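So the structure is just underneath, and the comments pick up after that.
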Amino acid sequence: MKLTVTAKNMVVTPGITNRINRKTATMERYLRSDTEMIMRLRKERNLRICEITVPMNGVTLRAESSSEDNLFMSIDSALAKIERQILRHRTKLEKRLREDVDLNETPEFIEDPEVYGKGEKEIVRTKEYPLRPMSKEDAILQMELLGHSFFVFVDIDTEETQVLYLRKDGNLGLLVPEK
C-alpha cells in the first residue's frame, strides 16, 4: 500500500508518521500493494482534522474525522471509519460473486417532481471527479460507500450519463436521459 501524508497549517512530526504507519499496517492485508491511500491532515482553529481517501478500481472510499486539539484521536477515528468501509466493500463484492445476479435486470423508477422552496440559489462549491463507466450495482455500492444521497455515473451498457439518488421513502431512484 502506498501512503501519502500531507499537512496544512501543521507539521508532520516523526511521532505522527510512526503512529500513522503503525495504524495503517493492519490495513495492508485488505488492500493490494499498489493501492494508494491519501491522508490529509489540517488544523483549523482548535480542530485537528484528518481526511483519508482510498481510490480503488472505480470505487473511492473516503473518511473524515475531527477532534479538538488532539490529532491522534482524529487519525484513529478516520482510520477506523475507512477500515469499516474497506471491510464492507469487500463483503459486498464477495456476496455479489457468490450470488448469480442478473446484471441486465434493473428496476424501473418513476418519480413525481416536487416543488422546493422559491428563492434564488447560488453555487457555493464545485467539485470535479473522474466519470468512469460502471454498472448500476457498482454505482449503488459507490454511493453507499461514499454516504451520499446521489451519484452520477456512466452506465457501462448504454454509455449514457445517469443519476442514482436516494428517495425520501428509503428506496433508490434512477434518472435516465430520454432518447
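See the values below:
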read-out	value
Residue within region 73-81 that is at pLDDT below 90 and either surrounded by 15 or more Cβ atoms within 10 Å (Cβ to Cβ) or more than 16 Å from Met1 (Cβ to Cβ) (or both) present	no
Residue within region 133-144 that is surrounded by fewer than 16 Cβ atoms within 10 Å (Cβ to Cβ) and small (Gly, Ala, Ser) present	no
Residues within region 1-46 that are closer than 15 Å to Asp76 by Cα and more than 19 Å from the chain's Cα centre (by Cα), tallied	12
Any hit, region 63-77, residues being within 23 Å of Ala139 (Cβ to Cβ) and either acidic (Asp, Glu) or assigned by TED's automatic domain parsing to the domain that holds Val154 (or both)	yes
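The values are calculated or read from the model by the stated rules, or taken from the named source; none is laboratory data. From a predicted model like this one, the values you see are computed outputs, not experimental measurements. Because the Cβ atoms are built from the backbone with ideal geometry, glycine has one as well, and the counts that use them run over all protein chains shown.
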